[in-house]
1. Once amide H atoms are built 1.01 Å from N in the peptide plane, which residues 5 or more positions from residue 101, or in another chain, come under 5 Å H to H?
2. Which whole-Hz couplings ³J(HN,Hα) result when phi for each residue of the range 72-84 is put into the Karplus expression 6.51 cos²θ - 1.76 cosθ + 1.60, θ = phi - 60°, listed in order with x for Gly and Pro?
3. What fraction of the Cα pairs in the range 60-128, stated in percent, has a spacing above 20 angstrom?
4. What is the distance in Å between the Cα centres of the range 99-153 and the range 59-75?
5. Cβ neighbours within 10 Å, averaged per peptide: list 133-140, 72-79 in order, most packed at the top.
6. Could you list, in their original order, any pairs among 93/113; 76/123; 90/123; 90/113; 76/98 whose Cα atoms are separated by more than 24 Å?
7. Please compute the contact order of the range 51-151 in relative form: average sequence separation of alpha-carbon pairs under 8 Å and at least six residues apart, divided by the residue count, as a percent.
8. Tell me which of 63, 91, 136 sits at the most positive position along the dipole axis of the range 51-151, charges placed on C-beta atoms (Lys, Arg +1; Asp, Glu -1).
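Derivation of every value follows stated rules applied to the coordinates shown; laboratory data play no part. Please read these numbers as outputs of a predicted model, since none were measured by experiment. Virtual Cβ from ideal backbone geometry, glycine too; neighbours counted across all protein chains shown.
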Amino acid sequence: MAKKTGKVKKYFIENWVSILLLLIVIVLLIIGIIYSQKGCGRKINGNNSNFEFFDTNSSDECFVMFYAPWCGYCKKVMPEWNKLEQVAVKNSKGKKIKIIKINCDENKELAAKHGIQGYPTLKYYSNGINGGNSINFNGDRDMNGIIDFIKQQ
């Protein structure tokens, strides 16, 4: 056993710089993974479904839910909203409407720009999210209520 311990000790003495560099690289990789999962200042929803990939300069009609992850009302609406994202909803003109949810905790500037003061706030944008025209939704916050509203637009 003493021979093995001596070989290991000799290996560490001869290669301490390489081992130290390896440990530094591992620590930096772990820090990078943790930092990237926190968003690094990017605006994301925590899923790949919509806002992260939505062009805010688009003039496409869209229906948006501004929400906060900690909000009890948002948590209640979220299952219905997730179902709605899977359906091709069309307005009165037969045009497919983009369904988007925006986490206001991660997109504070956008929420402020749109005057969001309570959660969830649901808005229909006829000229895109930055087109200026929006209609607040105040109906039943279930999939059928939302679809009926969109079909009237």
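1. Hits under the 5 Å cutoff: 51, 65.
2. Rounded to whole hertz, the list is x, 5, 5, 4, 6, 7, 3, x, 5, 5, 4, 5, 4.
3. On the way: 697 of 2346 pairs.
Of the Cα pairs, 30 percent sit more than 20 Å apart.
4. 6
5. Values: 133-140: 12.9, 72-79: 14.4.
Final packing ranking: 72-79, 133-140.
6. On the way: 93/113 28 Å; 76/123 18 Å; 90/123 15 Å; 90/113 27 Å; 76/98 21 Å.
Checking Cα-Cα distances, 93/113; 90/113 exceed 24 Å.
7. Reported as a whole number, the value is 42 percent.
8. Checking the options against the dipole of the range 51-151, the answer is 91.
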